[in-house]
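The values are calculated or read from the model by the stated rules, or taken from the named source; none is laboratory data. All values derive from a computational prediction rather than experimental measurement. Cβ atoms come from the backbone with ideal geometry, glycine included; neighbour counts cover every protein chain shown. Accessible surface is based on the protein model in full, side chains and every heavy atom, while ligands, DNA and RNA are left aside. Shrake-Rupley method; radii C 1.70, N 1.55, O 1.52, S 1.80 Å.
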Amino acid sequence: MDRYRNNAFAVEALVRDTEVHRDVYVDPEIFELEMEHLFPNSWIYIGHASQLSKPGDFITANIGRQPVLASRHTDGAIHVFYNRCPHKGVKIASEPCGNTGKFFRCPYHAWSFKTDGSLLAIPLRKGYEGTGFGDAQANEGLSKIRNVVVYRDFIFAQLNDNGVSFADYFGESLSTIDNMVDRSPEGKLAVVAAPIRYMHTCNWKMLVENQTDTCHPMVAHESSAGTAVKVWKREQGASTETPMAVQLYGPFMSPYEFYEQSGIRIWPNGHGHTGVANSIHSNYSDIEGYLGQMVAAYGETRAHEILGDVRHNTVYFPNIMVKGAVAILRNFIPIAVDKTLVESWVYRLVGAPDKLYERALMYNRFINAPTSIVGHDDLEMYERAQEGLKSNGNQWVNLQRLYEAGEQADVTAVINGTSERQMRNQFHAWAKFMTIDMDSHVEAAE
Amino acid sequence: MITEKTITDFIYREADLLDTMQWQAWLDLFHPEGRYWMPLEWQQQDPVLQPSLMYEDLLLLKVRVERLAGERTFSQKPKSRCHHLLQAPQIVACDPEAGLFKARTSYIYTETRGDLLERFSGWASHDLVQIGDGLKIKLKRVDLVNFDAPFGNIQLFM
């Protein structure tokens with residue numbers, strides 16, 4: 001049923017000032033339109049340049065449903081292509097990452113392409129002589145994505161030419177990526193291992209909203225973090241040193257007041273972060289030698305400024321979350337209206353002590369793994385919401401907490417840390433990037 | 001005297017305790033310094049500086065077990081159940097003098113909750129030590145054949 005296709009007004013009507021219609025989470029047509037409009041219109045994270053350290057290295061990803069391929073060319077440049085052979089559409093690369101050598105070779109008919117995407121050779125090429133092949137799109141090689149920006153080694157791509165540049169789209173929100181990279185004494189991050197992958201039977205937006213939902217940890221995670229604190233109190237005996245594991249779990253049980261004063265910062269285009277004044281990551285033990293390295297690299301003042309900025313979760317709209325203080329990025333990859341693949345990456349801070357990486361890996365398996373008890377708490381809530389939203393009794397999801405009449409969208413502001421304003425901010429951006437290229441929107445404006 | 005049969009009996013009993021949800025008796029099988037490890041890489045060597053699905057000491061295993069029974073543990077309403085189907089353990093080492101007891105066991109593991117059933121295949125490796133007349137787990141390592149696939153919740157123990 002095409003209730004929403006080419007009907008920007010109907011899509012926009014799903015988002016009200018303080019609530020959103022359940023169709024944004026459960027309607028398959030809305031999901032299709034997200035794949036066709038929202039994801040191609042947004043700047044999407046593809047991967048990290050350290051995954052492409054040598055010429056010929058490649059990684060694969062999806063933007064919405066469309067498979068893409070990023071490669072490192074012999075001149076050092078990074079290119080991003082649609083991952084399909086111009087001949088019959090066969091995916092050029094099917095693994096998550098690898099090295100293709102000097103060229104890509106389609107496994108079906110051996111068409112080959114340089115690592116900048118240009119067509120290198122076709123077997124029995126004389127069969128195309130005199131056919132006008134020179135004018136065919138296939139002759140151009142792999143179709144290139146033009147809007148690609150590598151920001152401090154983070155590779156982003158935007159499929160549609162809609163005029164929203166990378167700088168305009170992200171603006172000041174890039175300060176979280178800056179902070180994460182600056183936490184390396186060498187100003188460099190590296191991916192050295194595969195992500196933890198976790199399949200969720202819920203809509204992808206539930207996961208994104210949860211990143212700045214500060215009123216759920218002390219409730220939903222009482223079972224995991226609360227039990228961890230309780231068991232440690234009982235078992236600690238004479239021990240005065242809190243183990244790393246308990247340091248990671250414990251702060252989830254912080255009271256409402258803690259989150260209220262921690263604050264939330266929102267930015268235009270749906271980006272925002274929790275943990276402005278301080279965060280659940282503020283009180284981890286110092287790691288021996290690290291501060292000294294940072295001071296040596298940046299000077300006393302700047303080093304403390306970098307390490308003092310302990311933002312909790314930064315949402316980069318639409319579908320990644322960056323945790324600068326722990327060097328983790330979570331990618332919420334939409335698979336179906338009720339299915340989301342979550343890939344959680346840990347970056348190694350180049351030049352920093354191993355212990356930091358050890359802690360980040362521990363955090364990742366405690367919180368973001370299919371074997372994570374915190375993850376179990378959250379997924380149970382998402383699944384129940386995905387089921388509950390089928391109910392017709394009330395078709396709206398309420399996002400009203402700390403709403404103020406006349407609230408402006410697309411602004412920068414710091415607000416009470418238990419506000420649901422970042423969720424409202426995301427849905428404002430959602431409606432914008434869903435409809436920015438819908439035909440009826442243009443007609444209506446005329 | 002620890003024999004190969006002592007080792008295989010120990011492994012069968014461990015699986016039985018998990019299948020019958022005798023969590024405390026299962027925890028009692030671990031040495032105080034014991035670990036439960038689920039690697040995330042093929043033939044992984046390092047549980048600390050390489051990513052794992054789980055690498056837990058007794059404190060963390062106690063948290064998991066206590067959580068399973070928690071009043072507000074909503075992901076256990078309804079409760080999960082599990083079933084271990086084990087191949088005969090392959091004895092890798094049975095050396096009482098050196099205190100080395102190791103076995104590797106191929107398994108199919110089933111975890112169910114409500115109407116859902118998930119099935120996993122892999123190998124469990126046990127590093128055991130002798131305490132008194134019996135054995136304790138120093139390391140239980142669980143390698144899934146598809147460790148790199150995205151799973152839904154795995155709430156119990158393989």
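The table that follows gives values for the structure above.
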| item | result |
| --- | --- |
| Gaussian network model of chain A, Cα within-10 Å springs - most flexible of A:H221, A:H21, A:H304 | A:H304 |
| For chain B, built as a Gaussian network whose Cα springs stay under 10 Å, the top-fluctuating residue of B:I131, B:I108, B:I11 | B:I131 |
| Average other protein chain Cβ within 10 Å of Cβ, residues B:138-151 | 2 |
| Residues with amide H under 5 Å from that of B:M54, placed H, sequence gap 5 or more | B:M38 |
| Distance from segment A:249-314 to segment A:1-20 (C-alpha centre basis), Å | 37 |
| Cysteines without a disulfide-compatible neighbour (Cβ-Cβ under 4.7 Å), the protein assembly as shown | A:C97, A:C202, A:C215, B:C82, B:C94 |
| Proximal aspartates and glutamates relative to A:K114, as straight alpha-carbon distance under 13 Å, when same-chain residues fewer than 8 apart are discounted | A:D57, A:D75, A:E140 |
| Dipole magnitude (debye, nearest 20) for the protein assembly as shown, charges at Cβ of Lys, Arg, Asp, Glu | 1160 |
| Listed residues B:L27, B:L135, B:L117, most fluctuating in chain B (Gaussian network, C-alpha, under 10 Å) | B:L117 |
| Segment B:45-104: GluC sites (Glu not before Pro) in DSSP loop, at most 13 other beta carbons within 10 Å | B:E71, B:E97 |
| Note, ³J(HN,Hα) from phi for segment B:99-107, Karplus 6.51, -1.76, 1.60, rounded to Hz, x at Gly and Pro | x, 9, 9, 9, 9, 10, 10, 7, 8 |
| ³J(HN,Hα) computed for each position of segment A:269-282 - Karplus, 6.51 cos²θ - 1.76 cosθ + 1.60, integer Hz, glycine/proline x | 6, x, 8, x, 8, 8, x, 8, 6, 7, 7, 5, 9, 5 |
| J(HN,Hα) series, segment B:149-156, from Karplus relation 6.51 cos²θ - 1.76 cosθ + 1.60, nearest Hz, glycine and proline x | 7, x, 9, x, 4, 10, 9, 10 |
| Exposure of A:K144 as accessible area (Å², to 10), given a probe of 1.4 Å and all protein chains | 100 |
| Structure-based [θ]222 nm, chain A - -39500 (n - 2.57) summed over DSSP H runs of at least 4, per residue, nearest 500 | -8000 deg cm²/dmol |
| Distant-in-sequence amide H partners of A:F317 (H built 1.01 Å from N, under 5 Å) | A:H271, A:G272 |
| Exceeding the 20 Å Cα-Cα cut-off - candidates A:K233/B:K62; B:K102/B:K136; A:K233/B:K138; A:K205/A:K339; A:K205/B:K77 | A:K233/B:K138; A:K205/B:K77 |
| Amide H contacts under 5 Å for A:C202, placed H, 5+ residues apart | A:K339, A:T340 |
| Listed residue (A:N278, A:H221, A:N392) projecting farthest to the positive dipole end of segment A:191-434, Cβ model | A:N392 |
| Those GluC sites (Glu not before Pro) in segment A:288-382 that DSSP places in a loop and that have at most 16 other beta carbons within 10 Å | A:E288 |
| Estimated buried accessible area (total), pair B and A, 1.4 Å, Å² to nearest 100 | 3100 |
